[in-house]
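Structure, as structure tokens:
The values are calculated or read from the model by the stated rules, or taken from the named source; none is laboratory data. These numbers come from a predicted model, not from an experiment. So basically every Cβ, Gly included, is an ideal-geometry build from the backbone, and we count neighbours across all protein chains shown. Calculation scope for accessible area: heavy atoms of the full protein, side chains included, ligands and nucleic acids excluded. Shrake-Rupley method; radii C 1.70, N 1.55, O 1.52, S 1.80 Å.
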Protein chains: 2
Amino acid sequence: MSSPRLNTGAPPRLAKDALRVVALGGLGEIGRNMTVFEHAGKLLIVDCGVLFPEEHQPGIDVILPDFTSIRDRLDDVVAIVLTHGHEDHIGGVPYLLRERPDIPLVGSRLTLAFITAKLTEHRIRPVTVEVTEGDQRRFGPFDCEFVAVNHSIPDGLAVAIRTAAGLVLHTGDFKMDQFPLDGRITDLRGFARLGEEGVDLFLTDSTNAEVPGFTASEGELIPAIETVFRKSPRRVIVSSFASHVHRIQQVLDAAAAHGRKVAFVGRSMVRNMGIAAELGYLKIPAGLVVDLKVLEKLPPSKVTLVCTGSQGEPMAALSRMAGGDHVIRVREGDTVLLASSLIPGNENAVYRVINGLTSLGANVVHKGNAKVHVSGHASAGELVYCYNIVKPSNVMPVHGESRHLRANADLAVKTGVDPRNVVVAENGHVVDLVDGRASVVGKVPVHNVYVDASVVGGATEASLQDRRTLAEEGVLAVVAIIDADTGQLADPPDFLARGFVHAGDSFDPVVPLIEKALARAATDGHPDSRQLEDVIARTVASWARRTYRRAPLIIPVVIDA
Amino acid sequence: MSSPRLNTGAPPRLAKDALRVVALGGLGEIGRNMTVFEHAGKLLIVDCGVLFPEEHQPGIDVILPDFTSIRDRLDDVVAIVLTHGHEDHIGGVPYLLRERPDIPLVGSRLTLAFITAKLTEHRIRPVTVEVTEGDQRRFGPFDCEFVAVNHSIPDGLAVAIRTAAGLVLHTGDFKMDQFPLDGRITDLRGFARLGEEGVDLFLTDSTNAEVPGFTASEGELIPAIETVFRKSPRRVIVSSFASHVHRIQQVLDAAAAHGRKVAFVGRSMVRNMGIAAELGYLKIPAGLVVDLKVLEKLPPSKVTLVCTGSQGEPMAALSRMAGGDHVIRVREGDTVLLASSLIPGNENAVYRVINGLTSLGANVVHKGNAKVHVSGHASAGELVYCYNIVKPSNVMPVHGESRHLRANADLAVKTGVDPRNVVVAENGHVVDLVDGRASVVGKVPVHNVYVDASVVGGATEASLQDRRTLAEEGVLAVVAIIDADTGQLADPPDFLARGFVHAGDSFDPVVPLIEKALARAATDGHPDSRQLEDVIARTVASWARRTYRRAPLIIPVVIDA
């Protein structure tokens, strides 16, 4: 495989008739998918998502792709193609449109409905171009054709991009469920037709490349969901992703079949299901869905609640139910169905919820003890089908952590793609398609752009390091009143510790050390407050390390008296 | 099932000839297993382990069982029976022995060897009583019989405890591998014999009660491990638990078969494998294991490294290799085998390691892409065998989160145990076995006892809450010099923020608010510094909330001028 470590300096000029591909997100991570295509001086963006933070990024809401490399070229952007309506593909759009609101958004009806609803919350009215499978549209020098793909949200599209440089096929997220609820399968005939034409660069979803075999059909969940509704003596509470229209459809159908009514709980669930129903993607039997107030008056055996929080999000309905901190009180005999995946990293949160619900007496049915979830992504078996149908001359795995990209690349090679034409790139790597050959030619700078309480870029790696230190070690503020003439302590300093394990101890032992250090500092000239603060911080830090093997964050304050 | 919510007040006097069972750990969690049996005024403890912290417990090393309820009765403790040598069963012993060093430790040879090595690091020389399967020993009023069980560490023992109150069987951790590497299977004939005699209370390992079917045999890993050694062109680096003697044995055998040498890396790995080899639990072919220095001189295709860090522990060998921060440099073509489970909660850390190794060019083989791990715990299928063989009159599931305990209880009921005799208890619940009937009769207080940088109980729930706030929101110190006479600001206050997203902004807007608040405070009497600090903290906090929707931890400092 062509190693990205070969050439990652500043990118060279883009050759005439060549195509440049730069992923600003989605490589080396699951999330914030964003790929920028450049040709003939214009840019086409495919997807603009967010990445959700991990536990070592406390206080962060979401992480954005780094727009720096395109910021001064926003006027060259001819369109943003959105392959589907998941947060990791559309969540970054509001932040990009803040910088240029009139970039056309191109996507299917449901995708545009979801992004438009989101943009409304950001008070942005976007320019949209609705497309459907089979459509061809030209955006600047980019000739786009849209191909139906099946995923865990309806109305997903792959996009084929034709330029003078050749034909690129970007799958977006997809799987190959042969019996999807809406009958809309991934259009392999379309993939084949494009393959016949000759796909010069194939960008494919790597999420499940490590998973052998084939992703099961959504329909295979029916027995488990049926069982829940058949056996539950009291209420059925279902939690799933607020965008998983087909999963919810199965729940609604089962509820209707068992004479139960349904209420949606949670802002995003109510909003998205409203949109999906209005546009006809969700079929709601007449009278099935009722208001929560109405539902509460029915006997428990007639009740179904559909809510958010399947990932253990602390503020979501389900976590609050598990903590007994929600209007809906979970009781002995209720059945809770977590009809969703368990995204790695959320285990503790999700199991806390499951344990909370269990100890309230609920019977909790989840991925771990029943077949209540199938993935939305193509497994290895499906990916090799794609490679053999498309027979691309170059492959660039996208949408995955390093291990997923590598596994996907291995699959491509197995099907006969020349290893030198399989590009395992990283975010920011500049991949040029020149004379039918794709390779990494350079790198643009990319950093994590943190959104923290709606402040973009407010939190930095440095402030996150501070936060980790604060969390692990606590904080110790040292307030010293210094005699301006002598540069020595006017009084013993005040020590204020929080989250520091030895907060209770006396800090007297360090005072003479501070005095000594200040005396030493005074002899080497006349230090200013800033320098005195450094002296104090260093002295207290090394004392804490020696005495307690701890490194609290130290805030020195010098006040001249 | 008898609900623990029935009676959880202060426990009544223990009836004569009755047996009291109080779990101080291991119920509602995976870890810090500790069960206290009381009879005729004496206490017998089974296991004393540690619990590892979750991400919402930053800076914590381990969490101990709460010894409070037995602290004033340590002289009544006749022995601590250790079922096996895992941290979650022995890790708390050093802390308990600090309080009374001469409590006899009872266990198998390997278990005692592991705990003794650990105690040496704590400078404690324990009193030990070595036992083996079939042994009977009397400790005070407790007649103990030891039964062989198979687990993911050799030499595990279940313990049968006979008192005037009846016969109790505690499985410890176990599974029923019918073809273990050491041929030492769980002694179901022993279970059956005890069942014939009549088991009044059966305490069983719940860890895998939710997992249908049977846990696979350790031997089933041979093909995957073989493949790694057969295919790897360069070094093989294996990471596993430092206590998993049989897993390591398989690796050593495969290395020997493929003409590779082996070096152990990591303190605990070197120490434990040394012990296991010395005692004959680990069979090392002559000349196979060599010093790292020697190994480094061999060609990569002759090299095997066995190290710690399979759970992504940041300080362990493997994480440091993945970060390029270890003497052992992982290179293109190396194969890394994670021959271990992935403990829930460690996913992010482990996948960070896998991705790091992958991007260094290593081929990483792990649970997710090969059959390289089997659990050490009995699945549902094995548990029902046990229930049907033992036919206990009372059951108390142990060792599991609520969901596991509940699932295990359901299995007991399915096999015909009277639901009223199945006790799903919580840590601290007092379970009395009286006249052959077990039930919850009360509760003793139990709290999390945090060990933080070797300080026991230093960190509290309050300080952890502070740490979480510090991590999520950062800290803002406000230093105000107050005119002692007027109680008003002598100068504008100093603001020092760390980890606070708006640290860069000006804090001028809040100054007039502080002035107003101080003026108001002055009118209601003559507030002292403490009160003034509260006024300032409240004012700044509500300003930060209004202005930024943030709640940084605020440290107010008032200095009288």
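When A:G195 is tested against (1) modelled with pLDDT under 95; (2) within 23 Å of A:A378 (Cβ to Cβ), just one condition goes unmet, and that condition is (1). Of all residues in the stretch A:30-44 being on the phi < 0 side of the Ramachandran plot and within 22 Å of the chain's Cα centre (by Cα), which is surrounded by the fewest Cβ atoms within 10 Å (Cβ to Cβ)? So, considering only residues that are on the phi < 0 side of the Ramachandran plot and within 22 Å of the chain's Cα centre (by Cα), the one surrounded by the fewest Cβ atoms within 10 Å (Cβ to Cβ) is A:I30. Filtered by the rule that a residue be among the β-branched types (V, I, T) and either in contact with a Leu (Cβ under 6 Å, 6 or more places away or on another chain) or within 10 Å of chain B (Cβ to nearest Cβ) (or both), the stretch A:541-561 gives A:I554, A:I555, A:V557, A:V558, A:I559. Tallying residues that are touching an Asp or Glu at 6+ places or on another chain (Cβ under 7 Å) and not small (G, A, S) within the stretch B:318-363 yields 5. One residue stands out in the stretch B:202-215 among those that are open to solvent by less than 10 Å² (accessible area, probe 1.4 Å) and in contact with a helix residue (DSSP H, G or I) (Cβ under 9 Å, 6 or more places away or on another chain): the one that is nearest to A:K371 (Cα to Cα), namely B:A209. Mind checking which residues of the stretch A:89-111 are open to solvent by 10 Å² or more (accessible area, probe 1.4 Å) and over 15 Å from the mean Cα position of the chain (by Cα)? Within the stretch A:89-111, A:R98, A:E99, A:R100, A:P101, A:D102, A:P104, A:R109 qualify.
With respect to the conditions (1) in a loop (DSSP other than H, G, I, E, B); (2) more than 14 Å from chain A (Cβ to nearest Cβ); (3) surrounded by fewer than 18 Cβ atoms within 10 Å (Cβ to Cβ), B:R538 falls short on a single one, namely (1).
Conditions (1) open to solvent by 30 Å² or more (accessible area, probe 1.4 Å); (2) hydroxyl-bearing (S, T, Y); (3) at negative phi; (4) in the same structural domain as A:T204 (by the TED database), marked per residue:
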position: A:G416; (1), (2), (3), (4): yes, no, no, yes
position: A:V422; (1), (2), (3), (4): no, no, yes, yes
position: A:V434; (1), (2), (3), (4): yes, no, yes, yes
position: A:E472; (1), (2), (3), (4): yes, no, yes, no
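Here A:V238 meets the list (1) open to solvent by 60 Å² or more (accessible area, probe 1.4 Å); (2) more than 21 Å from A:V417 (Cβ to Cβ); (3) at pLDDT 95 or above almost entirely, failing just condition (1).
Within the stretch A:388-401, being within 14 Å of chain B (Cβ to nearest Cβ) and either among the basic types (K, R) or open to solvent by 30 Å² or more (accessible area, probe 1.4 Å) (or both) holds for one residue alone: A:E401. Taking (1) within 11 Å of chain B (Cβ to nearest Cβ); (2) under 30 Å from A:A158 (Cα atoms) in turn, A:Y385 satisfies each apart from (1). The requirement of being open to solvent by 10 Å² or more (accessible area, probe 1.4 Å), among the hydroxyl-bearing types (S, T, Y), more than 14 Å from every other protein chain (Cβ to nearest Cβ) and under 30 Å from A:A471 (Cβ atoms) is fulfilled nowhere in the stretch B:69-88; no residue meets it.
Quick check on the stretch A:276-286. Is at least one of its residues open to solvent by less than 40 Å² (accessible area, probe 1.4 Å) and outside any loop (DSSP other than H, G, I, E, B)? Within the stretch A:276-286 (the criterion being open to solvent by less than 40 Å² (accessible area, probe 1.4 Å) and outside any loop (DSSP other than H, G, I, E, B)), the answer is yes, since at least one residue qualifies. Is it the case that B:D75 is out of contact with any Cys (no Cβ under 6 Å at 6 or more places or on another chain), in a loop (DSSP other than H, G, I, E, B) and charged (D, E, K, R)? It is false that B:D75 is out of contact with any Cys (no Cβ under 6 Å at 6 or more places or on another chain), in a loop (DSSP other than H, G, I, E, B) and charged (D, E, K, R).
Of all the criteria given as (1) at pLDDT 95 or above; (2) among the small types (G, A, S); (3) not assigned by the TED database to the domain that holds B:G400, the one not satisfied by B:G49 is (3). Scan the stretch B:313-330 residue by residue and report those that are open to solvent by 10 Å² or more (accessible area, probe 1.4 Å) and either in a helix (DSSP H, G or I) or outside the structural domain of B:I248 (by the TED database) (or both). Those that are open to solvent by 10 Å² or more (accessible area, probe 1.4 Å) and either in a helix (DSSP H, G or I) or outside the structural domain of B:I248 (by the TED database) (or both): B:S319, B:R320, B:A322.
Only residues that are closer than 22 Å to A:N408 by Cβ, in a strand (DSSP E or B) and in contact with a Lys or Arg (Cβ under 9 Å, 6 or more places away or on another chain) were counted across the stretch A:23-61, and they come to 5. Tally up the residues in the stretch A:52-68 that are within 30 Å of B:R467 (Cβ to Cβ) and either surrounded by fewer than 21 Cβ atoms within 10 Å (Cβ to Cβ) or modelled with pLDDT under 95 (or both), please. Qualifying residue count for the region: 11. The set of residues from the stretch A:511-530 being over 13 Å from A:A480 (Cβ atoms) and open to solvent by less than 100 Å² (accessible area, probe 1.4 Å) comprises A:P512, A:A519, A:A522, A:G525, A:D528.
Can you pull out the residues in the stretch A:331-371 that are crowded, with 24+ Cβ neighbours inside 10 Å and away from chain B (no Cβ under 12 Å)? Residues satisfying the conditions are A:D334, A:L337, A:A339.
Only residues that are surrounded by fewer than 23 Cβ atoms within 10 Å (Cβ to Cβ) and of a type in the set (D, E, K, R) were counted in the stretch B:241-251, giving 0.
Residues are listed down the side, and each one gets a yes or a no for (1) touching a residue at least 40 places away in the same chain (Cβ under 8 Å); (2) in contact with a Gly (Cβ under 9 Å, 6 or more places away or on another chain):
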site: A:G400; (1), (2): yes, yes
site: A:A407; (1), (2): yes, yes
site: A:L411; (1), (2): yes, no
site: A:D418; (1), (2): no, no
site: A:V423; (1), (2): yes, no
site: A:G436; (1), (2): yes, yes
site: A:V446; (1), (2): yes, yes
site: A:V449; (1), (2): yes, yes
